[in-house]
Structures are given as C-alpha cells and as structure tokens.
Amino acid sequence: MSSSVNESTHWCYRCRQPVRPPTLDLICPSCDNDFLQELSEALGNMQSHSRDRLAQSFYTGMPMLGLSEIYKQRSPIFLNPHPAIEAMPSITITRRHVKSGLQCPVCQEDFERDTEAKQMPCNHLYHFDCIFPWLVQHNSCPVCRLQLRPESNGSKIMRALISFFWPFGGSSDQNTQYNLDSDD
Amino acid sequence: MVDFARVQKELQECNRDFEVSGIKVVPKSDASLAHLLGTITGPLGTPYEGGTFKIDITLPDGYPFEPPKMRFATKVWHPNISSQSGAICLDILKDQWSPALTLKTALLSVQALLSAPEPDDPQDAVVAQQYLRDYPTFMGTARYWTEAFARTSSLGVEEKVQKLVEMGFPDALVRSTLESVEGDENMALEKLCSG
C-alpha cells in the first residue's frame, strides 16, 4: 500500500481519491478543491449511495461510479478484488433469466440480459453493488438467510470485508483466503 | 440516502392490490418519500376486525439495508404494541430485517402480529399482563379500542361525506367540517350538531 493512502484522512470528491489535506483548511492537495469529507463518513455515504446514481451525481456534480468501481480505479488495495468477493461466482444473465422475470431482490429491478450477477451459495442472484453493502455488515443471504459461514466465522468475514474497503493501513490479511461458500 | 427508486417501485406494487391485501402505503407529503403512511386492516376473527390501522413509516438513510421505522399512529390494544406510543415489537423491524423484505411484507408481518400476539415478549407490559391473566377482559378492551379509534378512519372521505349528507347536513358544510377535524367522522358530527 502506498504511503499516501496510509496517511490519507479525507476523500476528495473531485479527484475521487483519498487525500491528506495539508492544513486545517481542508483543501485537496491535488486540485485545491474543498469538496472533502472524512474518509470514514465518505465510505458510509458511498455505500448507501452506491446504487443511487441520482444521489451520487448530487454529491459529485457528475455521473459517479459505484463504490467498488471507485476503489478499484483509485486505490491500490482495490486493484485486486478481494478473495471473499471473488469466491462468489458471477453468472451472465441469459435470455431464460430475463424471460422468467428474474429480479435483483435488493433493488427489485429486472436483470438485464448479458449483464453479470453475483450468485450466492444458495443460488440466489444479486447485482454486485446491491449485495455488497449487505455482506459488509451481515453474513447471510437476504432472501433465504443462509449463513455464508458458521456464526463464529462471521465476524472474520466481516472484518476481512471491512479491511478490504478500509483505505488506511493494516490490511495485512489481504491475501488471506476467505471462501464464502461454506460447503467445504 | 434512501434508495428512492426502489421505494417508488414498492409503493406502486403495494397499492396495486389494496382491495385484496388491505395494505396501502402513501407518502405523507409530496416533498419526500422518506415519511410514509401505511394502512392495514384488522385481521378477521380477531378483536381488531373491522378496524383500519394507520402506521407511521420513516425510512432511515440506509434503507433498504436498514429496516423501516414503523409505529402505530392509530391507538391499539395489543401486547406487542405500545398503547402509549404505538411502538411495535417485531423482530423483522429490528435485527431480523433483510433488504429482500419490503414495506408491504413488513406491513403484512405487522398485520400477522395482530392475529398472533406474543405476550411473552411484550412491548406493553400492562397489556401483556392482562392478556395472560384475564384474557376475556383483554379481548373486550382490544375490541373496544378498535371500535373507538380504528373505526372512524375505515371509511373513505366520500363515504363519510355521503353518510353525513344523508343525515341532512349540506354537502359543502359537511366537507369543510370534516376537513377541519382531519376526517374524524364522530367529531365532525358533533361539530355539525352543535353548529
């Protein structure tokens, strides 16, 4: 992890990256913009906004990427997707899915053909952006409540997911394998 | 920030089969979808039968990842609902919430709670005690509260107007009086008689 990320305290909404303002004036050192927010708050905002494009444009003044997309683009620790997310298979939505009127249970929008969806071990499908904020805090499928791991491991997965999205240091367990599929 | 696209969708779907489900959700004002008013009908065969219950709904910023906040706006006598504040003790409105649930399914659960009180996990200790120790009195009180508080709002505005007009009051006066007492049929009648 780069030292600049380690030292960052704020999120710059214009640069879309974590920054450390040089003074108490809270101005981005890269673009001199003052549209900054403390990282922990910005993370919360982006999670709850990740599917609401309208609200996101309000925050940024421009069309915004989802939380995961932002981090993948801007933060070194997100260049490689975390194993916990990787372990969930992605499937491509087919004509049959569309024909059956399959919806993402979280946003309740129909899945579109040829787009990707995340498949839980119980086979329930979600948009990545829809299931991710839930899995950060919970350890279960929203539809059938299947626990992804036994309860004792739940906090471990949660910690792993939080550290995955936490822009400060301490992500030494980045490469730890967390298999969301509990059938092992 | 609440996912208003989903809320909008939920409202449309929920209100589509009001006649069947007896469940309705409408925004409290045009300004925001974060404050809603739900309506459920009292289940048949319970002391709540014949009543229409209003439920205040507030959507937290994290909705649908956090549960909607629900509270009975209509007074109701039930072990799991505060007779004072209308607070509801129901697991899916707390730690058992899931983003796959909706306002409609949550209200259906509230309606089911009216059919199946759980006095061992009470919200209102006085009501729960009465339920456990003196069931006939509990039934009587619950039925009385339904008659007294949940009946008046069971009629639509037009039905109330029609009822009062049939008693011989002029249409315009009935409408303005009803409006002044926020649709309370009994208070309107009182006012019309005294005026």
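The values are calculated or read from the model by the stated rules, or taken from the named source; none is laboratory data. Every value quoted in this text rests on a predicted model; they were computed, and no experiment measured them. Cβ coordinates were reconstructed from backbone atoms using ideal geometry, including for glycine residues, and neighbour counts include every protein chain displayed. Ligands, DNA and RNA are excluded from the accessible area calculation, which covers all protein heavy atoms including side chains. Shrake-Rupley method; radii C 1.70, N 1.55, O 1.52, S 1.80 Å.
Would you check if there is a residue in the range A:146-156 being at pLDDT below 55, more than 27 Å from B:Phe4 (Cβ to Cβ) and open to solvent by less than 50 Å² (accessible area, probe 1.4 Å)? Yes, there is a match, as at least one residue in the range A:146-156 is at pLDDT below 55, more than 27 Å from B:Phe4 (Cβ to Cβ) and open to solvent by less than 50 Å² (accessible area, probe 1.4 Å). Among what's in the range A:90-145 and is of a type in the set (S, T, N, Q) and out of contact with any Phe, Trp or Tyr (no Cβ under 9 Å at 6 or more places or on another chain), pick the residue that is most open to solvent (accessible area, probe 1.4 Å). Looking at residues that are of a type in the set (S, T, N, Q) and out of contact with any Phe, Trp or Tyr (no Cβ under 9 Å at 6 or more places or on another chain), I get A:Asn123.
Among residues belonging to the range B:170-187 that are open to solvent by 40 Å² or more (accessible area, probe 1.4 Å) and assigned to a loop (DSSP other than H, G, I, E, B), point out the one that is nearest to B:Ala150 (Cα to Cα). Among those that are open to solvent by 40 Å² or more (accessible area, probe 1.4 Å) and assigned to a loop (DSSP other than H, G, I, E, B), it is B:Asp184.
Determine whether the range B:39-56 contains at least one residue that is within 14 Å of chain A (Cβ to nearest Cβ), assigned to a loop (DSSP other than H, G, I, E, B) and surrounded by 21 or more Cβ atoms within 10 Å (Cβ to Cβ). No, that holds for no residue.
The number of residues in the range A:64-113 being in contact with an Asp or Glu (Cβ under 8 Å, 6 or more places away or on another chain) and at pLDDT below 50 comes to 3.
Each residue in the range B:71-100 was checked for being in contact (Cβ under 8 Å) with a residue 12 or more places away in the chain, under 20 Å from A:Val106 (Cα atoms) and either within 14 Å of another protein chain (Cβ to nearest Cβ) or crowded, with 22+ Cβ neighbours inside 10 Å (or both), and 4 of them qualify. Figure legend. Inter-residue proximity from the range B:123-146: first residues under 16 Å from B:Ile88 (Cβ atoms), second residues outside any helix (DSSP H, G or I) and charged (D, E, K, R), beta-carbon distance below 9 Å, spacing 6+ or different chains. Indicated pairs: B:Ala128/B:Glu118; B:Ala128/B:Asp120; B:Ala128/B:Asp121; B:Trp145/B:Lys75. In this entry, B:Glu190 passes the filter for residues that are at pLDDT below 90, out of contact with any helix residue (DSSP H, G or I) (no Cβ under 7 Å at 6 or more places or on another chain) and part of a helix (DSSP H, G or I).
Selection within the range B:8-38: residues that are at pLDDT 90 or above and small (Gly, Ala, Ser). The member of this set that is surrounded by the most Cβ atoms within 10 Å (Cβ to Cβ) is B:Gly38.
Of a type outside the set (Gly, Ala, Ser), in a helix (DSSP H, G or I) and not assigned by TED's automatic domain parsing to the domain that holds B:Lys75: is that true of B:Glu147 in this structure?
No, not satisfied.
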